[in-house]
Each structure stands twice: as structure tokens, then as C-alpha cells.
Amino acid sequence: MFKKLKKILLGYYNNNPVDQKGILMRKYELMIIFDEEEIPLSDNKSTLAELFTKNKVDIKEEKDIGQKDLSFPINEKKRGHYYLYTIECEQEVLNNLESVFKLNKGIMRYLIVRQ
């Protein structure tokens with residue numbers, strides 16, 4: 001009991017960062033395929049950045065992979081712009097992000113993997 005409390009006070013529990021309230025913050029990799037024909041890439045990125053700041057998502061790394069051919073057509077589109085993010089957030093925030101991603105027309109596909 002005391003060891004767990006001590007680790008939470010130090011900011012880590014099971015080698016995962018913990019915020020001041022003791023909520024577990026885990027690292028995730030987020031791959032997004034943007035549809036540039038629907039919404040411009042700069043608008044998509046700014047919308048995503050606002051969403052991350054509003055939900056207190058910590059972006060560890062952001063990598064622009066570029067525009068690539070899709071292996072199969074998605075909504076009759078053959079190309080998409082790939083972006084890879086390494087983020088740190090809590091599970092509830094991740095569920096909220098997924099629901100927003102599903103409704104966003106500028107995002108063709110996304111994949112979230114826990115590191």
C-alpha cells in the first residue's frame with residue numbers, strides 16, 4: 001500500500017507516468033491517414049492540435065510520413081497523407097478522441113496502439 005502511494009507521489013506507477021491526481025497516463029502511437037481532398041492538411045492538423053490541447057494530451061513526437069498510395073481504395077480515394085504521433089494520455093481521453101476521429105470527415109483511417 002505504502003509503496004504504491006510512494007510511487008504515485010513520485011509520479012510513476014508500474015513505470016507509467018501518473019499525474020497529480022493519481023491518474024495513469026500511458027504512451028500511445030497514433031497513426032492517422034488524412035484525406036487532403038476533403039479538408040486541407042493544415043486545417044486537419046490545426047483541428048487535431050486544438051483537440052489535443054483541449055483534452056490535455058501530451059504530444060511526445062510528431063512525424064509527417066507523407067502522401068502515399070493506399071493498398072486498397074477507401075471511399076473511392078487511392079492516396080492519403082500519413083501522420084504518426086506519439087502521445088501520452090489517460091484511457092478516458094483516448095475514448096473521447098476515438099469518437100471525434102470517427103466523426104471527422106478529414107480523417108480516412110486511424111490506428112491507436114499502446115506502447
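Suppose the filter is at pLDDT below 95, within 12 Å of the chain's Cα centre (by Cα) and not hydroxyl-bearing (Ser, Thr, Tyr); does residue 103 pass it?
No; evaluated as a whole, the condition is false for this residue.
Kindly indicate whether residue 33 is in contact (Cβ under 8 Å) with a residue 40 or more places away in the chain, hydrophobic (A, V, I, L, M, F, W, C), in a strand (DSSP E or B) and over 18 Å from residue 95 (Cβ atoms).
Against the criterion (in contact (Cβ under 8 Å) with a residue 40 or more places away in the chain, hydrophobic (A, V, I, L, M, F, W, C), in a strand (DSSP E or B) and over 18 Å from residue 95 (Cβ atoms)), residue 33 qualifies.
Which pairs turn up if I take residues in the stretch 89-104 that are under 23 Å from residue 39 (Cβ atoms) and aliphatic (A, V, I, L, M) and look for partners that are in a helix (DSSP H, G or I) and modelled with pLDDT of 90 or more with beta carbon separation below 9 Å, at least 6 apart in sequence or on another chain?
Note: pairs meeting the criteria are 97/51; 97/52; 100/51.
Among the residues of the stretch 40-77, how many are of a type in the set (D, E, K, R) and not in a strand (DSSP E or B)?
Number satisfying all stated conditions: 6.
Residue 50 - would you say it is at pLDDT 90 or above and loosely packed, with under 12 Cβ neighbours inside 10 Å?
For residue 50, the condition - at pLDDT 90 or above and loosely packed, with under 12 Cβ neighbours inside 10 Å - is met.
Being part of a strand (DSSP E or B) and at positive phi is the requirement here; does residue 80 meet it?
Values: part of a strand (DSSP E or B): yes; at positive phi: no.
For residue 80, the condition - part of a strand (DSSP E or B) and at positive phi - is not met.
The values are calculated or read from the model by the stated rules, or taken from the named source; none is laboratory data. In this text, all values refer to a predicted model and were calculated from it rather than measured experimentally. Cβ atoms come from the backbone with ideal geometry, glycine included; neighbour counts cover every protein chain shown.
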